[in-house]
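The values are calculated or read from the model by the stated rules, or taken from the named source; none is laboratory data. As the structure is a prediction and not an experimental result, all values here were calculated from the model. Cβ placement follows ideal geometry from the backbone for every residue including glycine, while neighbour counts extend to all protein chains displayed. Heavy atoms of the whole protein, side chains included, go into the accessibility calculation; ligands, DNA and RNA do not. Shrake-Rupley method; radii C 1.70, N 1.55, O 1.52, S 1.80 Å.
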Amino acid sequence: MTILHLPAFPFTMNALVALCHFCELHGPRTLFCTEALHPPSPSPPQQGPSIPGERDGDREGEGLTMRANSSATQRADMCEGCRSLPASHPGFVSVDTETGIRFLSHQHPRQPQLFSVVRQACVRSLSCEVCPGREGPIFFGDEQHGFVFSHTFFIKDSLARGFQRWYSIVMVAMDRIYLINSWPFLLRHLKLTIQGLQSTALKVFDSEQCVCPQRAVRMNSVFSPAVFPHQRSGNAARSLPSLTQHPNLWASLHSSFSWLLKACGSRLTEKLLEGAPTEDTLVLIERQTEQEEEMIGWEGAEGGASLAQRCQSESELGKEFLCEGGKGEELPGPKFKSLRHLRQVLGATEFRQLAWHVLMGNQVIWRGADRSLIQSAFTVLKALLPVGCVRSVPYSPQYEEAYRCNFLGLSPDVPIPTHVSSSEFSVLVDVVNAERGSLYTAVCDDDILSLYQFIISSANTQPTDRGPTLLNKIEVALSNENLSVEVVSHCLLCLKEEWMNKVKVLFKFSKVDGRGREDTQKVLALLGATGPGEEDNVRLLKFWMTGLSKTYKSHLMTAVRGGERTLSQ
C-alpha cells in the first residue's frame, strides 16, 4: 500500500494509496490504488482562444485506467496474482459530501507521473528496503521521488513457495515532516488492515491443508530443474481474493483506503501562530504524542491484549483526552458557566479561599452526587492553572492520593482519610442538597443555589487575603462587571502567560544555572514577586515550574551544555 502527498503534481492531488505484491513470476507489482482528487478551484477567465480539447482532456484524464496498461504486451505480462481489476472494470468512486473530494480506486494511478513514482516505491519496498525479519515498518526515500513509509507482511498460501506470499504497505509523501508525524496513526490503522487480511487468509490456508497437506505432497514429488518452472507457473497465479475467499475484497479495500486518506488528511492541519507557541500548546502536543506512542506499545507488545481490548482502551483514552479538553460528552443538570459564575455562587470569600488552594497546587476535592456539576467546577477552575499543572480525576468511587491528582471528584459516600482532612495542603468542598427556605434560595434565584449548598473546609490556617499577586489581579477582573466573560478569559490568559514567563526566568536561574539564594532573591525582586504576599508568590512560581513543557526544559539544558562546550574550547 502506498500513500502519496504530492502537491507538486497536477490536478491538485492530495494523496494516493496502493497495495503492492511480489509476484513469483513477474516480480513487484502494484495491485490496487486509491487516490484523492480535490475539486478544481475557480480561476479567472483567461484572455484569448481556449486550447482545443483541453476540457475533453481533463475528462478523459478522470478515467481510472492507465493508457499504458491497455497495451497487449503488459496484459500478457500479468497473471492472476498480480492483477486486481480488469481493464474494462470502471473502478470504484466515493465522494466526500463535506469537502467535495473524490476517492478513485483502480489497479494503477490515473497520472503517468504518479505511475512511475508508485512503481519505484513498490519495487524498493519489496526488494531492497526491508526491515529486519522482512515484516514490519521502515522509512526511506529522498526529495526527488518522495519519502516512503513501508510496511511489509506475508499472506499464507498453501501453494506458494514457503507457503506464503509477500505484500507491502507503503506510504510515500513529498512532505517528510508530515509523514513522520503521521507514523503512529498510520502504523496503528494499517496494522488493523494487515491483521484482517492475514487472519482471513490463515483460515483458508488451514482448511486447504486439512483437505490436502502440501508439505507431504512436495516431499514425495520428484524434483527436476527442467520441470521446476512449469511446476511453479501453475501455483504463482493465485489472486488475493482467492487467498482470503473474500468476494468483495477490492470494494472493502477501497472503503478502507478512502477512510485512511480522509482521516490522515484531516488529522494534521496547519495553523498560523503569531509568535512562539505557548507552554499550554507544547504540553498538549506532548500529551497527545505520549498517548499515541502508548497505543503503539500496546499493539507491539508480545502477549498483548486482544484486538477488541486494544480498541476499547484506545476509545477510553480518546474520551479521557476529550474530557481534559472540555469537549467530552455533555451530562445533564446545572453547571458552572465561568469563573465569575462560580464566584457568584460560592461568594467572594469562599471563592478566594478555593482559588488560593488551586494556585498553590493543593489538592482540591469536590464531594457530591451531581457529577456534571463537579466536572463543570473543575472545568472553570482549570483555567487558573497552566495545562501542565493539571492532574484531574473528574469522579471517583474512592479517594486518590494528591500525587496522582490535584482535582478530585468523589461520590457523597466516600470518606476522606484523616491525614488528608487534617492536612493544610488540601481543601474539601461538600455539595449537599439545599434545605427549603434556606438563605441561599432567598438571596439568589440561580438554579444551582436553589438545589445545593456548598460547605468548604480546610485545615489551612494561613491567611489567604494577602496574595498571591496573580489572585489579586484575577479578582479585580472578575469583580469588574463592565468586563464581559470573554474579556475576562482573555485577561486571565494574559496573566497566566505573564507569570509563566516569570516561572521560566526563575527556573533558568535556580534549576539550570544553580544560582544561590541571594541571586534568586534579586531575581524575585526583579520579577515583582517580593513584597506583600511574597511567600505565596514564591510558592506559586515553584508549583508552576512543574507545568513547564519537556520541550522547553530540554531546549534550556541543550543551550546551557552548548555554551559550556563553547567556553571550554
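Restricting attention to segment 130-141, the residues being crowded, with 16+ Cβ neighbours inside 10 Å and farther than 17 Å from Arg176 by Cα number 1.
Please specify each residue of segment 400-413 satisfying the condition of being more than 24 Å from Gln462 (Cα to Cα), in contact (Cβ under 8 Å) with a residue 24 or more places away in the chain and either open to solvent by 10 Å² or more (accessible area, probe 1.4 Å) or in a helix (DSSP H, G or I) (or both). Before you say what the answer is, go through the steps one by one.
Pass one, segment 400-413, residues more than 24 Å from Gln462 (Cα to Cα): 400, 404, 409-413.
Adding the requirement that they be in contact (Cβ under 8 Å) with a residue 24 or more places away in the chain leaves 409-412.
Ser411, Pro412, listed by residue number.
Taking (1) at pLDDT 90 or above; (2) in a loop (DSSP other than H, G, I, E, B); (3) farther than 26 Å from Leu548 by Cα in turn, Val345 satisfies each apart from (2). So which residues in segment 417-438 are buried (at least 16 other Cβ atoms within 10 Å of the Cβ) and under 25 Å from Leu471 (Cβ atoms)? Val420, Ser423, Ser426, Val427, Leu428, Val429, Asp430, Val431, listed by residue number. For segment 503-517, the count of residues that are more than 39 Å from the chain's Cα centre (by Cα) and assigned to a helix (DSSP H, G or I) is nonzero. Of all residues in segment 460-478, those that are open to solvent by 40 Å² or more (accessible area, probe 1.4 Å) and farther than 19 Å from Glu534 by Cβ total 1.
Would you say Gln353 is in a helix (DSSP H, G or I) and crowded, with 22+ Cβ neighbours inside 10 Å? It would help to see each step written out before you state the result.
Working: in a helix (DSSP H, G or I): yes; crowded, with 22+ Cβ neighbours inside 10 Å: no.
Criteria not met by Gln353.
Just the residues that are under 19 Å from Phe543 (Cα atoms) and open to solvent by 30 Å² or more (accessible area, probe 1.4 Å), please, taken from segment 358-374. Give the derivation first.
Pass one, segment 358-374, residues under 19 Å from Phe543 (Cα atoms): 358-365.
None - no residue of segment 358-374 is under 19 Å from Phe543 (Cα atoms) and open to solvent by 30 Å² or more (accessible area, probe 1.4 Å), so the list stays empty.
The numbered conditions (1) open to solvent by less than 80 Å² (accessible area, probe 1.4 Å); (2) among the β-branched types (Val, Ile, Thr); (3) at pLDDT below 75 are all true for Val523 except (3). Do the conditions hold for Glu135, that is, is it at pLDDT below 85 and acidic (Asp, Glu)? Answer is no for this residue. Among the criteria (1) open to solvent by less than 60 Å² (accessible area, probe 1.4 Å); (2) modelled with pLDDT of 80 or more; (3) not β-branched (Val, Ile, Thr), the one Glu481 does not fulfil is (1). Cβ separations smaller than 6 Å between residues 6+ apart or across chains give the following pairs from segment 84-97 residues that are within 18 Å of Leu253 (Cβ to Cβ) to residues that are of a type in the set (A, V, I, L, M) and in a strand (DSSP E or B): Ser84/Leu31; Val93/Leu104. Would you be able to tell me the number of residues in segment 142-182 that are free of Cβ contacts under 8 Å to residues at least 40 places away in the same chain, closer than 18 Å to Cys131 by Cβ and open to solvent by 10 Å² or more (accessible area, probe 1.4 Å)? The total comes to 2. Report yes if some residue within segment 375-388 is open to solvent by 10 Å² or more (accessible area, probe 1.4 Å) and either farther than 24 Å from Leu493 by Cβ or outside any helix (DSSP H, G or I) (or both); otherwise report no. For segment 375-388, residues open to solvent by 10 Å² or more (accessible area, probe 1.4 Å) and either farther than 24 Å from Leu493 by Cβ or outside any helix (DSSP H, G or I) (or both): absent.
The condition of being over 17 Å from Cys389 (Cα atoms) and among the basic types (Lys, Arg) holds for only one of Lys502, Lys508, that being Lys508. Taking every residue in segment 530-548 that is over 16 Å from Asp465 (Cα atoms) and pairing it with any residue that is among the acidic types (Asp, Glu), at least 6 positions away or on another chain, the pairs with Cβ-Cβ distances below 7 Å are Gly547/Glu279; Leu548/Glu279.
Checking Leu202, Leu197 one by one, the residue that is surrounded by fewer than 17 Cβ atoms within 10 Å (Cβ to Cβ), in contact (Cβ under 8 Å) with a residue 24 or more places away in the chain and within 23 Å of Ser255 (Cα to Cα) is Leu202 and no other.
Output the residue which, of all residues in segment 93-109 that are in a loop (DSSP other than H, G, I, E, B) and among the hydroxyl-bearing types (Ser, Thr, Tyr), is modelled with the highest pLDDT. Before you say what the answer is, go through the steps one by one.
Quick first cut of segment 93-109, residues in a loop (DSSP other than H, G, I, E, B) only: 96-101, 107-109.
Subset that is among the hydroxyl-bearing types (Ser, Thr, Tyr): 97, 99.
On the way: Thr97: 84, Thr99: 81.
Taking the candidates together, the pick is Thr97.
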